[in-house]
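K.L.:
Supplied in structure tokens, the structure appears directly below.
The values are calculated or read from the model by the stated rules, or taken from the named source; none is laboratory data. Please read these numbers as outputs of a predicted model, since none were measured by experiment. For neighbour counting, all protein chains shown are included, and Cβ atoms are generated from backbone atoms with ideal geometry for every residue, glycine included.
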Amino acid sequence: MKSKVFHVLMAILFCLLCSVGTGVAQESNIQKDSEVTGDYDLERCVKRALEANPSIVSARAALKGAEYGVDAATGEFFFKVKGEYGYTKYDRKRTTGYGYRDQWAANLSLSQPLFTGFRLLSSYQKAKLARKQSDMQLYNAELVIIKDVQSNFLNLLKARMDVKSAKDSVERLKSQLKVNNAYYEVGLYPRVDVLQAEVELATAEQNLLSARNTVSTQKAKLNTLLNLPLDAEIMYVGTLDCVPGSFDLKTCLTKAYKDRPDLKIALKSVEIAFKDAKIASSSFYPEVTADADYYRGGNDPDTNGGDGWSHAASEYWTVGVNMNWTMFEWGADYNDWKKTKETINQLQAELENTRLNAGFEVKRALLNLQEAADRILVGRKSVESAKESYRMALARYQAQVGTNNDVLDAQARVSESEAKLNTALADYNTALSALYVAMGEKNPGLKAS
């Protein structure tokens, strides 16, 4: 009876555990689903990527590792304790020293570095520089992610505008095809007009399919950057606008030289190289340590003396100061030090090159921004003119004073001008994103500053 009751209780407990586990799993799924619900505008996309993108997670881990590196370098300043315990077996009777049987020995030593040729200090300073460099690398990774997310988000908005333009083109061509068929049936226009309209309509439908595929591709790319499931239906919302801003080259360059993380990373690399040179030069100096040792020996594992052991030999301690100095290594230490000096020269040149490229990126972004702004003004006028030209060509065709080619050409010009305007709007915002990144500034929503 007791056995049956026990089994029943265990079964109930198992069911409860399963239900709890299921509840936790359901809660986890709900939380996971809640992360991808709602509308994702540009700013929310960037913030999500800065939290969940694997490259950012990797950079954060590198920063944490650099912090541990500083702690490790700090620990090198303090004393080290080492213990030894061993057993030695002799194949014959010892002829010297104490003890005639196999020996057990224990040793506890303490060593405190007093002078290491500035190696410990330089290593500690190098670790701190590496930590700051990792911090800048994290910031640089964030800027890269911001640029990638913004670029792909803008491409998605452009693709959607291209889809709308392609739909409008298809509708216009369908309407024109109906008119051509009607006129052909009553004998007003030849069959060739109908065939031309059908060809143009098929081309427009192909362009529409291509634009829709681009939208799907950009969504998948954004999901990847945001570390979301590829099949997740995310509502990306936004419009391509041109927000005019005032940017001065001198101001932008000053900000870039001050805030760009890659410049700071390159500068830290030079400073770290100086510390490496200091560490290499430490081999020119002696190393001084304060040492303390405690020793116990014996015939048994408890190392408490035994037959043939005197008290002085079985247990003793020593304290002293020791100097170790390698005076000659056939130039190995000297050439290693000279190598670090050349590394410094290399990194200083790379720093200057990074600075030059930073200035160029700012200048290029400003030029692209101005060019796109001018193209937007021209593009808007072009779209208006193309639509008016299409209306006039269609009216002339319907009044039988124009040709079918005139209508098709006018329709093609509408589609072309709309595509150019869409490209100009996307290029403007892309150039704006590139400018902020070139200046080392985070602007998740591309808002006017």
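K.L.:
If you check every pair at least six apart or on different chains, which have Cβ atoms under 9 Å apart with a residue in segment 311-334 that is over 16 Å from residue 287 (Cα atoms) and among the charged types (D, E, K, R) first and a residue that is surrounded by 10 or more Cβ atoms within 10 Å (Cβ to Cβ) and at pLDDT below 85 second?
P.N.:
315/298; 315/303; 315/304; 315/305
K.L.:
If we keep just the residues of segment 132-189 that are surrounded by fewer than 18 Cβ atoms within 10 Å (Cβ to Cβ) and acidic (Asp, Glu), which is modelled with the lowest pLDDT?
P.N.:
Once the filter is applied, the top-ranked residue is 185.
K.L.:
Then there is this: May I ask you to list the residues in segment 361-417 that are among the hydrophobic types (A, V, I, L, M, F, W, C) and outside any helix (DSSP H, G or I)? Spell out how you get there, then give the answer.
P.N.:
Keep residues of segment 361-417 that are among the hydrophobic types (A, V, I, L, M, F, W, C), which gives 362, 365-367, 369, 372-373, 376-378, 383, 386, 392-395, 399, 401, 407-408, 410, 412, 414.
The answer is 399, 401.
K.L.:
For segment 209-216, does any single residue satisfy the condition of being touching a Gly at 6+ places or on another chain (Cβ under 9 Å) and in a helix (DSSP H, G or I)?
P.N.:
Checked segment 209-216: no residue is touching a Gly at 6+ places or on another chain (Cβ under 9 Å) and in a helix (DSSP H, G or I).
K.L.:
Given the condition modelled with pLDDT of 90 or more, within 28 Å of the chain's Cα centre (by Cα) and in the same structural domain as residue 166 (by TED's automatic domain parsing), answer yes or no: does some residue in segment 196-205 qualify?
P.N.:
no
K.L.:
Quick check on my filter: what residues within segment 121-131 are of a type in the set (A, V, I, L, M) and crowded, with 19+ Cβ neighbours inside 10 Å? Steps first, answer last, please.
P.N.:
Going through segment 121-131, the residues of a type in the set (A, V, I, L, M) turn out to be 121, 127, 129-130.
Those that are of a type in the set (A, V, I, L, M) and crowded, with 19+ Cβ neighbours inside 10 Å: 127, 129, 130.
K.L.:
Hey, residue 343 hits all of (1) surrounded by 11 or more Cβ atoms within 10 Å (Cβ to Cβ); (2) on the phi > 0 side of the Ramachandran plot but one; which does it fall short on?
P.N.:
So the condition that residue 343 fails would be (2).
K.L.:
In segment 218-242, how many are touching a residue at least 40 places away in the same chain (Cβ under 8 Å) and within 23 Å of the chain's Cα centre (by Cα)? Can you show your working first?
P.N.:
Start the filter on segment 218-242 by keeping residues that are touching a residue at least 40 places away in the same chain (Cβ under 8 Å), which leaves 218-219, 221-222, 225-229, 232, 234-242.
Next, only the ones that are within 23 Å of the chain's Cα centre (by Cα) stay: 218-219, 221-222, 225-229, 232, 234, 236.
Total meeting the criteria: 12.
K.L.:
Could we say that residue 240 is at pLDDT 95 or above and either in the same structural domain as residue 159 (by TED's automatic domain parsing) or not charged (D, E, K, R) (or both) here? I'd like the intermediate steps shown before the answer.
P.N.:
Values: at pLDDT 95 or above: no; either in the same structural domain as residue 159 (by TED's automatic domain parsing) or not charged (D, E, K, R) (or both): yes.
Here the answer is no, as residue 240 does not meet what is asked.
K.L.:
A further question on this structure: Any idea which of (1) closer than 25 Å to residue 211 by Cβ; (2) surrounded by 21 or more Cβ atoms within 10 Å (Cβ to Cβ); (3) in contact (Cβ under 8 Å) with a residue 40 or more places away in the chain is the one residue 393 doesn't satisfy?
P.N.:
(3)
K.L.:
Do we have residue 337 as surrounded by fewer than 14 Cβ atoms within 10 Å (Cβ to Cβ) and more than 30 Å from residue 181 (Cα to Cα) here? Spell out the reasoning first.
P.N.:
Details: surrounded by fewer than 14 Cβ atoms within 10 Å (Cβ to Cβ): no; more than 30 Å from residue 181 (Cα to Cα): yes.
It is false that residue 337 is surrounded by fewer than 14 Cβ atoms within 10 Å (Cβ to Cβ) and more than 30 Å from residue 181 (Cα to Cα).
K.L.:
Is there any pair with a first residue in segment 351-368 that is at pLDDT 95 or above and a second that is in a helix (DSSP H, G or I) and of a type in the set (Asp, Glu) whose Cβ atoms are under 8 Å apart and which are 6 or more apart or on different chains, and what are they?
P.N.:
From residues that are at pLDDT 95 or above, the pairs are 354/262; 358/262; 368/427.
K.L.:
So if I check each of 358, 332, 365, 412, which one is more than 30 Å from residue 113 (Cβ to Cβ), surrounded by fewer than 19 Cβ atoms within 10 Å (Cβ to Cβ) and either small (Gly, Ala, Ser) or in contact with a Ser or Thr (Cβ under 6 Å, 6 or more places away or on another chain) (or both)?
P.N.:
Sole residue among the options that is more than 30 Å from residue 113 (Cβ to Cβ), surrounded by fewer than 19 Cβ atoms within 10 Å (Cβ to Cβ) and either small (Gly, Ala, Ser) or in contact with a Ser or Thr (Cβ under 6 Å, 6 or more places away or on another chain) (or both): 412.
K.L.:
Continuing with the same structure: Specify which of the listed residues (436, 397) is of a type in the set (Phe, Trp, Tyr) and closer than 25 Å to residue 254 by Cα.
P.N.:
Details: 397 fails: closer than 25 Å to residue 254 by Cα.
The conditions single out 436.
K.L.:
If you don't mind, another one. Of everything in segment 175-189, what is within 24 Å of residue 391 (Cβ to Cβ) and either of a type outside the set (Lys, Arg) or not in a helix (DSSP H, G or I) (or both)? Give them in sequence order. First the steps, then the outcome.
P.N.:
The first filter runs over segment 175-189 and keeps only residues within 24 Å of residue 391 (Cβ to Cβ), leaving 175-184, 186, 188-189.
Result: 175, 176, 177, 179, 180, 181, 182, 183, 184, 186, 188, 189.
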